[in-house]
Amino acid sequence: MASSISSADVARLARGIRAGDRAVLSRAITLIESKRADHRRSAAALMQALVGATGKAVRVGVTGAPGVGKSTTIDTLGTMLTKQGRKVAVLAVDPSSRRTGGSILADKTRMARLANDANAFIRPSPASGTLGGVAARTRETMLLCEAAGYDVVLVETIGVGQSEIAVADMTDFFLLLMLPGAGDELQGLKKGVVELADMIAVNKADGDNVARAKVAAAEYRAALHILTPRSANWSPPVVTYSALTGEGVAALWAHALDHREKLTAAGELASRRAEQQVKWMWAMLEERLFAPLRSDRAIKAALASIEAEVAAGTLAPAAAVDKIVGMLGR
Ligand SMILES: Nc1nc2c(ncn2[C@@H]2O[C@H](COP(=O)(O)OP(=O)(O)OP(=O)(O)O)[C@@H](O)[C@H]2O)c(=O)[nH]1
Ligand SMILES: [Mg+2]
């Protein structure tokens, strides 16, 4: 997308998206992901044009350690949902450079059924950038998908780093996947992530793993008891299932719908989304204000020497800030 976009083009994109045209949707996402200033403006106009058409999907975040089975779960769950007549969009937030070239392909092969499903739309994570930037683009992509009629959005994120918080901040239901028998394993279980979870699901409860999965689930249940729940209207359940056989996947989804019903009734779903929207406004503003610090070569070079002076104690931090803000104002 090298050319600039007219307002008529934006209107055409908006129309195509509302009509559910996948090719237009893909093109619009490419526009959203563009770093060019004029594209950013067109993208903002597009988001505004579609603002009334968004918000209708069940938004689910899926996290868990590498290899826990996130993609397989999304494939199995997504396929179940399209069979029920749902339209499913699958997105990812992976700010590491892990997911380049080959592994996008790998992702699609791990979601082999969905990748060939006319009622599913899979879009890999935006290319690596700052987490804030990657996550903001993913969120906008989610909104475009909603405008295109996708009524379930599944967002996969790697089980490390801040990406989980970003995904929890753009979804309604945050699903934490765990492995069986990692018994001694409240292992790698980061308290912050557990506190965000609306449900813990122990995957790979198949074959020899069934008993171990149940033991792990009991341990997580006990662990959750000592945490303050994220919501007054919901106690996160702990379930076991197998993404491979599909056993327990329907029950898992039933919990997600139950959560939705309870939070909607309590008004919490609406307030959660309202808070999220405002949070994203601030996050994107911060992203925008900081962009020149990262992209402007002269400023970047100056920053390095200013930082060195501050470290050496020859420049007061307050004076350094003045200097930097002065450069931004130019
Ligand atoms: N036995 C068993 N294996 C599973 C199950 N779900 C996933 N796997 C296997 O676990 C491996 C990792 O699965 P993925 O779905 O790619 O896991 P992921 O969490 O998306 O991995 P990353 O995206 O690399 O973090 C694959 O070999 C899957 O076949 C399951 O329910 N049972
Ligand atoms: Mg994966």
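The values are calculated or read from the model by the stated rules, or taken from the named source; none is laboratory data. What you see is a predicted model, and the numbers here were worked out from it, not measured in a lab. SASA here: full protein model, heavy atoms, side chains in, ligands and nucleic acids out. Shrake-Rupley method; radii C 1.70, N 1.55, O 1.52, S 1.80 Å.
Only helical runs count toward this figure. For the chain, summing -39,500 (n - 2.57) over DSSP H runs of n ≥ 4 and dividing by all residues gives -17500 deg cm²/dmol at 222 nm. Using alpha carbons only, what's the Rg to Rh ratio of the stretch 1-155 with Rh from Kirkwood? Taking Rg over the Kirkwood Rh, I get 0.96.
Helix 210-225 and the longest principal axis of the Cα set of the chain meet at an angle near 60°. Just the Cα atoms of the chain, one point each, no solvent: what log10 I(q)/I(0) does Debye give at q = 0.10, 0.11, 0.15 Å⁻¹? The Debye formula, applied to the Cα set alone, gives -0.64, -0.76, -1.24.
Counting only alpha carbon atoms, the long axis of helix 70-83 and the longest principal axis of the chain meet at about 70°. The residues of the stretch 193-330 expose on average 59 square angstrom of accessible surface per residue, using a 1.4 Å probe on protein heavy atoms.
Among E33, E219, E164, the largest mean-square fluctuation in a Gaussian network model of the chain (Cα springs under 10 Å) belongs to E219.
Its relative contact order, with pairs defined as Cα atoms under 8 Å and 6+ residues apart, puts the chain at 17 percent. Compared with the alpha-carbon gap, the fully stretched path from L293 to A118 is longer by 58.7 nm at 0.36 nm per residue. Calculate how steeply helix 131-147 sits against the longest principal axis of the alpha-carbon atoms of the chain, using the helix alpha-carbon long axis, and give the answer as 0 to 90 degrees to the nearest 10. On a 0 to 90 degree scale, this one is about 60.
Cross-linked pairs K35/K323; K56/K214; K87/K262; K214/K262; K83/K262: Cα-Cα separations exceed 28 Å for K56/K214.
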